[in-house]
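The values are calculated or read from the model by the stated rules, or taken from the named source; none is laboratory data. Quantities reported herein were computed from a predicted structural model and do not represent experimental measurements. Here the Cβ positions follow ideal geometry from the backbone for every residue, glycine too, while neighbour counts run over all protein chains shown. These area figures cover heavy atoms from the full protein model, side chains too; ligands, DNA and RNA do not enter into them. Shrake-Rupley method; radii C 1.70, N 1.55, O 1.52, S 1.80 Å.
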Amino acid sequence: MKLNRIVSFTVAIFAAGQLAAQPSVQITLLKAGRLLDPRSGKVLSPAAVMIENGKIKEVGPASDVQAHAPAGVRTIDLGTATLLPGLIDSHTHLFLDIVVPPEAELQRHSNGRFAPGLLLAIAESPSKRALLSAQLAREDLESGITTVRNLGHSGIDGDTELRDAINAGRVPGPRILACGRKLITRGEYVQNLNPALADAILQQEFLLVDGTDRARQAVRQNAFQNVDLIKVSADENLTVAELTAVVEEAHREHLKVAVHAIDSVSIQTAIEAGADSIEHGNRVTDEQLKQMRDKGVFLDLTPTFYGGFFMKITEPSIVMSSSFRSSETSSAVRGQKRYDELVQRVLKSGVKFATGSDMCWFYPGKTRGQASAATFVNLRNAGMPALDLIRSITTNAAEMLGWQDRVGAIEPGKFADLIAVSGDPLAELERIRFVMKGGEVIRNDFSGH
């Protein structure tokens, strides 16, 4: 009898311990005047979203969702605000914050805007770069960018470690798809280095592709770092066979391949090799757009320099001669006209497309997130309809990333990554007033409601 009582008492304590160990359900009711569904283009008003343990459980008319909410549920009322899915920056560089060098330095290098800053970043302490990247990641998140693809220039393991730190809750930031070191051909970046140091410098930032065997090996090295995708920079030296080897090896590892390709030759190489997305694609032909559409290859537009961006980041920092200023202004006008034409051709072609900021620059007066959001808005100025632009940084981008089941829309089962603006979504993209990631409120400037 005594033994039975001891056993019963032990079982009761064990059961109570199990109940106590079970995590409590976290439910939040989020209400807003409007909710925009990018997929359908429809606006729901008034709207509510019920969130359970960081994921969306229910979306619908405010009265319906509220009727299903448990008593005493935590409620966040955003008043007349418009809810949108968290933004996705499908092409960024969180480990770079390049300051434009003086005019004389610009003229000494074939890629004078970018190369000096990149070389300095590579040579800097990895710890310093990591701390800077954590700041830039936080600034992205505070501006409503809840998911990013970091496409290179983060050292050997910078972006994978930052991703893991964010996922573990050690630092705030967006969800990150990390690519590790970018795959390049020799001579594509930071040329004319001291021969005694060149390989050591390059290996900190890149993996060299020199033949199909090294191409496969480069993919395996990045896969060992637990990357989420492979980034390749295509130029005239990269062969179809080499890039095909990269794609085959990456797909064997269940990794997508994003290819930096600007000129038509590099774009064709990427198409024939089976790339999943082509980054930039500024000089894509109509025939290549058709091939991409037929093969399901995404075009990741990066309108970074549209609208005189270079002058905006340069004027506050350096003294410019009148000839330099005139040359840059004329170049910006020509570039803007070409990009206007590109956007119209892309829309007409039916190719799948997303948008990335390609942000790696120090923008005086703006946080990284504000600078990135300003880049997205450039597409509207280039003639892209508002809904197409919003899709390119939400639903389309999620599909390109292969994360359409996780992010990009306000739908049951997806992460509760949400933003809100006070007026027209496009006009207010640089002034996001509410940000939620995984059900956690990051910022709420509507807190007076």
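Shape analysis of the range 212-367 based on the Cα gyration tensor places the equivalent ellipsoid semi-axes at 32, 20, 14 Å, largest first. Solvent-accessible area of the chain (1.4 angstrom probe, protein heavy atoms only): carbon and sulfur portion equals 52 percent.
Using a Gaussian network model of the chain in which every pair of alpha carbons under 10 angstrom is joined by a spring, one finds that among Ser321, Ser330, Ser422 the greatest mean-square fluctuation is at Ser321.
Once the Cβ-Cβ distance of Asn53 and Asn444 is raised to the sixth power relative to R0 = 25 Å, the FRET efficiency obtained is 0.80. Extension gain, Ser321 to Asn237, is 26.6 nm, computed as 0.36 nm per intervening residue step minus the present C-alpha separation. Computed over the chain, the per-residue total of -39500 (n - 2.57) for DSSP H runs of n ≥ 4 gives a 222 nm mean residue ellipticity of -12500 deg cm²/dmol, rounded to 500. Per residue, the range 141-261 exposes 40 Å² of solvent-accessible protein surface, assessed with a 1.4 angstrom probe and all protein chains in place. Rounded to whole Å, the principal axis extents of the Cα atoms in the range 99-192 read 43, 27, 22, largest first.
Under a Gaussian network description of the chain, with springs only between Cα atoms under 10 Å, the residue in Gly41, Gly356, Gly54 that fluctuates furthest is Gly41. To the nearest ten degrees, helix 286-295 and the longest principal axis of the Cα atoms of the chain are 30 degrees apart.
Per residue, how large is the accessible surface of the range 45-123? Use a 1.4 angstrom probe and give square angstrom.
For the range 45-123, the per-residue accessible area is 42 Å².
Fully extending the segment from Arg283 to Glu248 would add 10.0 nm, taking 0.36 nm per residue of separation and subtracting the current Cα-Cα distance. The slack between Val333 and Val73, meaning 0.36 nm per residue of separation minus the straight C-alpha distance, is 88.2 nm. Remark on the range 394-449: Rg and Dmax equal 12.4, 38 Å (Cα only).
Of Lys31/Lys256; Lys337/Lys437; Lys256/Lys312; Lys256/Lys290, which ones are farther than 27 Å apart at the Cα?
In this structure, Lys31/Lys256; Lys337/Lys437; Lys256/Lys312 lie more than 27 Å apart at Cα.
Here the spin labels are modelled as points 7 Å beyond Cα on the Cα-Cβ line, and at Gln26 and Asp263 they lie 5.1 nm apart. Over all orientations, the chain has a Cα convex hull whose mean projected area works out to 27.4 square nanometres.
Derived from the Cα gyration tensor, the three semi-axes of the equivalent ellipsoid of the range 174-303 are 23, 17, 14 Å, largest first.
Taking Cα atoms of the range 375-423, Rg/Rh with Kirkwood Rh, to two decimals?
Numbers: Rg = 12.0 Å, Rh = 11.8 Å.
Across the range 375-423, the Cα-based Rg/Rh ratio is 1.02.
Considering only Met50, Met436, Met311, the Gaussian network model of the chain with Cα springs below 10 Å gives its largest mean-square fluctuation to Met311.
Sorted largest first by accessible area at a 1.4 angstrom probe radius, with every protein chain in place, the residues Phe305, Phe95 fall in the order Phe305, Phe95. The overall shape of the range 337-435 is oblate: from the C-alpha gyration tensor, with semi-axes ordered a ≥ b ≥ c, the ratio a/c is 1.5 or greater and a/b is no larger than b/c. Diffusion coefficient of the range 121-163 by Stokes-Einstein, Kirkwood radius over Cα pairs, 20 °C, 1.002 mPa s: 196 µm²/s. Run a plain Debye calculation on the range 294-396 (Cα atoms as equal point scatterers, no solvent) and give log10 I(q)/I(0) at q = 0.25 Å⁻¹, rounded to two decimals, same order as the q list. The Debye formula, applied to the Cα set alone, gives -1.37. Extent along the principal axes, Cα only, for the range 239-320: 50, 29, 20 Å, with the longest axis given first. Extent along the principal axes, Cα only, for the range 199-255: 27, 25, 17 Å, with the longest axis given first.
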